[in-house]
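Engineer: Okay, handing you the structure first.
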Amino acid sequence: MEQQTTPPDSEPHILPRNIHFDFEVELPVNWHSDDPAISHFYDALSLTFPQGERFFIDSVRLFADQISDPDLARDVKAFYAQEATHSREHMSYNALLGTHGMDMSGLERLLEKIIKWSKRWMPAKDQLALTCAYEHYTALFAESILGDERVMANAHPFYRDLWMWHAMEEEEHKAVAFNVYQTVAPGFGGYLRRILLMSLATFDFILGIAVLQMILMAKSGNAFNLRSYGRSFWYLWVSPGIWRHVMLGIFSYMKPGFHPDKRRVDPKILEWRKLYQAQSIRPVTSETPLFGAR
Ligand SMILES: [Fe+2]
Ligand SMILES: [Fe+2]
């Protein structure tokens with residue numbers, strides 16, 4: 001069943017927070033389930049964020065002068081602030097991977113070149129449609145991370161807090177790029193473009209994350225750790241099945257009438273949102289457990 005789950009437009013519901021995490025060298029490498037492949041799955045996602053989230057901001061900024069709705073203009077600013085903070089914190093995350101023997105700076109430079117090339121040659125609306133597709137992906141991951149207790153149950157508390165913070169903010173701003181896109185690319189042409197770009201994003205994303213995960217496995221000395229690959233497969237596709245949840249969620253995006261706010265939101269996520277927004281009234285430091293109180 002579909003239902004509207006965000007507050008009315010007049011209420012600000014995207015709160016930028018300047019949160020800082022201390023990525024200390026003592027943090028465990030196999031921080032999730034004591035398993036390299038599961039940990040490196042999330043590490044692979046992290047590697048794409050600094051560049052990717054800057055691309056998201058820039059693609060929305062291309063259309064900033066066409067946004068006349070003041071509520072949307074306010075949400076766009078909050079979206080920029082949230083994504084910029086995510087990008088900064090994931091840079092620190094990725095630097096720690098380097099300290100732990102998984103230096104990926106060469107690949108990050110390659111990603112930077114690919115994004116630069118895309119910005120130069122892709123039509124502006126394609127860039128925004130690509131952002132909408134990836135924002136749907138991050139919203140689906142957020143649904144899984146926040147809505148299914150098993151997903152982060154065996155994670156180190158530091159990383160659990162980081163991923164839940166990021167997931168919560170992705171859930172908050174999931175409709176912003178889409179609302180901008182609907183403003184500038186309405187009708188059947190806009191629909192067709194976003195479907196095509198979702199197909200491209202899906203291909204890029206599945207392949208890209210799998211390759212990054214395998215490189216990280218090789219760099220951490222686990223290239224032939226089949227047991228760990230098996231556990232990661234089970235975790236991602238079967239139980240709790242985070243990839244399975246994400247893949248099923250792609251179908252809803254293909255409907256002509258899709259809107260991110262129409263997806264049913266698990267009541268647990270609404271509870272998280274309340275707790276999170278209440279906590280964010282207080283100044284948050286790196287010592288403040290964002291979700292650890294539960
Ligand atoms: Fe983000
Ligand atoms: Fe986002």
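The values are calculated or read from the model by the stated rules, or taken from the named source; none is laboratory data. Keep in mind that what you see is a predicted model, and the values were worked out from it rather than measured. Because the Cβ atoms are built from the backbone with ideal geometry, glycine has one as well, and the counts that use them run over all protein chains shown.
Engineer: Looking only at region 58-73, count how many residues are surrounded by fewer than 19 Cβ atoms within 10 Å (Cβ to Cβ), in a helix (DSSP H, G or I) and in contact (Cβ under 8 Å) with a residue 12 or more places away in the chain. Walk me through it before giving the result.
Structural biologist: In the first step, residues of region 58-73 are kept if they are surrounded by fewer than 19 Cβ atoms within 10 Å (Cβ to Cβ); the result is 58, 61-62, 64-73.
Checking which are in a helix (DSSP H, G or I) leaves us with 58, 61, 64-66, 70-73.
Then keep just the ones that are in contact (Cβ under 8 Å) with a residue 12 or more places away in the chain; that gives 58, 61, 64, 66, 71-72.
Residues that pass the stated criteria total 6.
Engineer: Given the conditions (1) within 14 Å of ligand 1 (Cβ to nearest atom); (2) at pLDDT 95 or above; (3) among the β-branched types (V, I, T), and given that T85 satisfies all but one, which numbered condition is not satisfied?
Structural biologist: Looking at each condition in turn, T85 falls short on (2).
Engineer: Between a first residue in region 181-195 that is over 19 Å from R61 (Cβ atoms) and a second residue that is β-branched (V, I, T) and at pLDDT below 95, which pairs have beta carbons less than 9 Å apart while being 6 or more apart in sequence or on different chains?
Structural biologist: Taking only residues 6 or more apart or on different chains, not a single pair turns up.
Residue by residue, here is whether (1) among the aliphatic types (A, V, I, L, M); (2) within 16 Å of ligand 2 (Cβ to nearest atom); (3) part of a loop (DSSP other than H, G, I, E, B); (4) surrounded by fewer than 21 Cβ atoms within 10 Å (Cβ to Cβ) holds:
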site	(1), (2), (3), (4)
D22	no, no, yes, yes
V25	yes, no, yes, yes
D34	no, no, yes, yes
A37	yes, no, no, no
D43	no, no, no, no
D75	no, yes, no, no
Q82	no, yes, no, no
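Engineer: Can you list residue pairs whose Cβ atoms sit under 6 Å apart, with the first residue in region 25-44 being among the small types (G, A, S) and the second being surrounded by fewer than 24 Cβ atoms within 10 Å (Cβ to Cβ) and part of a loop (DSSP other than H, G, I, E, B)? Count only pairs 6 or more apart in sequence or on different chains.
Structural biologist: So the pair list comes out as S33/N154; S39/N30; S39/W31.
Engineer: What pairs can you find where one residue is in region 157-173 and within 22 Å of R264 (Cβ to Cβ), the other is within 12 Å of ligand 1 (Cβ to nearest atom) and of a type in the set (D, E, K, R), and their Cβ atoms are less than 9 Å apart, with a gap of 6+ or different chains?
Structural biologist: As it stands, the answer is H166/E89; E169/E83; E170/E135; H173/E83; H173/E135, since those pairs meet every condition given.
Engineer: Using the structure shown, decide if T131 is farther than 24 Å from L275 by Cα and either within 13 Å of ligand 2 (Cβ to nearest atom) or modelled with pLDDT under 95 (or both). Write out each step before concluding.
Structural biologist: Values: farther than 24 Å from L275 by Cα: yes; either within 13 Å of ligand 2 (Cβ to nearest atom) or modelled with pLDDT under 95 (or both): yes.
So T131 passes the test.
Engineer: Assess whether N18 counts as being part of a loop (DSSP other than H, G, I, E, B) and either within 15 Å of ligand 2 (Cβ to nearest atom) or modelled with pLDDT of 95 or more (or both).
Structural biologist: Details: part of a loop (DSSP other than H, G, I, E, B): yes; either within 15 Å of ligand 2 (Cβ to nearest atom) or modelled with pLDDT of 95 or more (or both): no.
When the stated conditions are applied, N18 does not pass them.
Engineer: Which of the residues that make up region 84-106 are crowded, with 20+ Cβ neighbours inside 10 Å and closer than 17 Å to A139 by Cα?
Structural biologist: The answer is H86, and nothing else.
Engineer: May I pose another question? Can you tell me which residues in region 196-240 are over 30 Å from N30 (Cα atoms) and touching a residue at least 24 places away in the same chain (Cβ under 8 Å)? Working first, answer last.
Structural biologist: Filtering region 196-240 down to residues over 30 Å from N30 (Cα atoms) leaves 196-200.
Listed by number, the residues that qualify are L196, L197, M198, L200.
Engineer: Assess whether Y253 counts as being touching a strand residue (DSSP E or B) at 6+ places or on another chain (Cβ under 9 Å) and at pLDDT 95 or above.
Structural biologist: Working: touching a strand residue (DSSP E or B) at 6+ places or on another chain (Cβ under 9 Å): no; at pLDDT 95 or above: yes.
In short, no.
Engineer: Between residues in region 82-93 that are more than 12 Å from I19 (Cβ to Cβ) and without any contact (Cβ under 8 Å) to a residue 24 or more places away in the chain and residues that are more than 11 Å from ligand 1 (Cβ to nearest atom) and of a type in the set (K, R), which pairs lie under 9 Å by C-beta distance while being six or more apart or on different chains?
Structural biologist: Every condition considered, no pair remains.
Engineer: Further, regarding this structure: Exactly one of (1) in contact (Cβ under 8 Å) with a residue 40 or more places away in the chain; (2) surrounded by 21 or more Cβ atoms within 10 Å (Cβ to Cβ) is unmet by E53. Its number?
Structural biologist: Answer for E53: the failing condition is (1).
Engineer: Counting residues that are within 16 Å of ligand 1 (Cβ to nearest atom) and surrounded by 16 or more Cβ atoms within 10 Å (Cβ to Cβ), which helices (runs of 4 or more DSSP H) fully inside region 161-279 reach at least 1? Walk me through it before giving the result.
Structural biologist: Numbers: elements: 176-184, 187-219, 226-233, 242-253, 267-279.
By residue number, 176-184, 187-219, 242-253, 267-279.
Engineer: Residue under question is L146, and the condition is that it be over 30 Å from E271 (Cβ atoms) and touching a helix residue (DSSP H, G or I) at 6+ places or on another chain (Cβ under 6 Å); does it hold? Reasoning before the result, please.
Structural biologist: Details: over 30 Å from E271 (Cβ atoms): no; touching a helix residue (DSSP H, G or I) at 6+ places or on another chain (Cβ under 6 Å): yes.
Taking the combined requirement at face value, the residue does not satisfy it.
Engineer: All but one of (1) within 20 Å of the chain's Cα centre (by Cα); (2) away from ligand 1 (no atom under 16 Å from the Cβ); (3) in contact (Cβ under 8 Å) with a residue 24 or more places away in the chain hold for I114; state the number of the condition that does not hold.
Structural biologist: For I114, the failing item is (3).
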